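Colleague: Got a structure for you, written out below as structure tokens; questions coming shortly.
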Amino acid sequence: MKTEALEVLKNRRAIRRYKSEQVSREELEAVLEAGTYAPTGVGTQGVQIIAVQSPEYLARVKALNASVLGRDGDPYYGAPTIILVLETEECKTHTLDGAAACTNMLNAAYAAGLGSCWIHRCREMFESEEGKRLLKEWGLSENMTGVASLALGYADCEQPKPKPRREGYAIIV
Ligand SMILES: Cc1cc2nc3c(=O)[nH]c(=O)nc-3n(C[C@H](O)[C@H](O)[C@H](O)COP(=O)(O)O)c2cc1C
């Protein structure tokens, strides 16, 4: 049994406070690569992963997510990197492939010594005019569907403890 991998899956937690220091290229690439190895329906590999690090694009992505939420502030908790996960038109298993890529990257982030947090509202972000403008600027199809985004960085807090798991969460029949 690969117990170290199982420990990673159990101990990863959502991190909501980040240092401003940027993540290393090596760690970022390890996280992104883990996303590309997630399962995809019929093996289509139709997921598009975008790591955002430039100050201009970070500000625009943060503002876009906040505008969907209808609030000011940073929904990414000050994370210096944001990972966007979208699906191309070729993707037949909508949102599921993207979600699988997200969980791989969250777990890989913890394994690499980084903090991360799943952040919602990606679908609405990329249905908006600003979202489509961003995709165009990045040379991507404007017809992609947003699945989720992830905050990524070095945690600026203690590693949270998991809540006890719900009775009957998993059963064997
Ligand atoms: C679909 C989905 C959407 C989420 N959206 C947000 C979000 O917008 N903001 C946030 O702070 N956390 C978000 N989370 C993180 C959850 O709140 C977090 O995973 C949950 O509280 C359990 O904590 P854990 O990840 O530490 O086990 C989201 C998680 C999922 C799976």
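Colleague: Looking only at the stretch 104-122, filter to residues that are under 21 Å from Gln45 (Cα atoms) and away from the ligand (no atom under 12 Å from the Cβ); which one of those is least open to solvent (accessible area, probe 1.4 Å)?
Modeller: Restricting to residues being under 21 Å from Gln45 (Cα atoms) and away from the ligand (no atom under 12 Å from the Cβ), the top hit is Met105.
Colleague: Right, next: Do we find that Ser128 is under 19 Å from Gly70 (Cα atoms), of a type in the set (Ser, Thr, Tyr) and either within 16 Å of the chain's Cα centre (by Cα) or more than 11 Å from the ligand (Cβ to nearest atom) (or both) in this structure?
Modeller: So Ser128 passes the test.
Colleague: I'd like the full set of residues that are within 13 Å of the ligand (Cβ to nearest atom) and among the aromatic types (Phe, Trp, Tyr), limited to the stretch 143-173.
Modeller: Once the filter is applied, which keeps residues that are within 13 Å of the ligand (Cβ to nearest atom) and among the aromatic types (Phe, Trp, Tyr), the stretch 143-173 yields only Tyr169.
Colleague: Given the condition among the aliphatic types (A, V, I, L, M), in a loop (DSSP other than H, G, I, E, B), open to solvent by 10 Å² or more (accessible area, probe 1.4 Å) and touching a residue at least 24 places away in the same chain (Cβ under 8 Å), answer yes or no: does some residue in the stretch 91-103 qualify?
Modeller: So far as the stretch 91-103 goes, no, none of its residues is among the aliphatic types (A, V, I, L, M), in a loop (DSSP other than H, G, I, E, B), open to solvent by 10 Å² or more (accessible area, probe 1.4 Å) and touching a residue at least 24 places away in the same chain (Cβ under 8 Å).
Colleague: Kindly indicate the residue of the stretch 27-71 that is within 17 Å of the chain's Cα centre (by Cα) and open to solvent by 100 Å² or more (accessible area, probe 1.4 Å) and also nearest to the ligand (Cβ to nearest atom) among those meeting that condition.
Modeller: Tyr37
The values are calculated or read from the model by the stated rules, or taken from the named source; none is laboratory data. Please read these numbers as outputs of a predicted model, since none were measured by experiment. Reconstructed Cβ throughout: ideal geometry from the backbone, glycine too, with neighbour counts over all protein chains shown. The accessibility values were calculated without ligands, DNA or RNA, using every heavy atom of the protein model including side chains. Shrake-Rupley method; radii C 1.70, N 1.55, O 1.52, S 1.80 Å.
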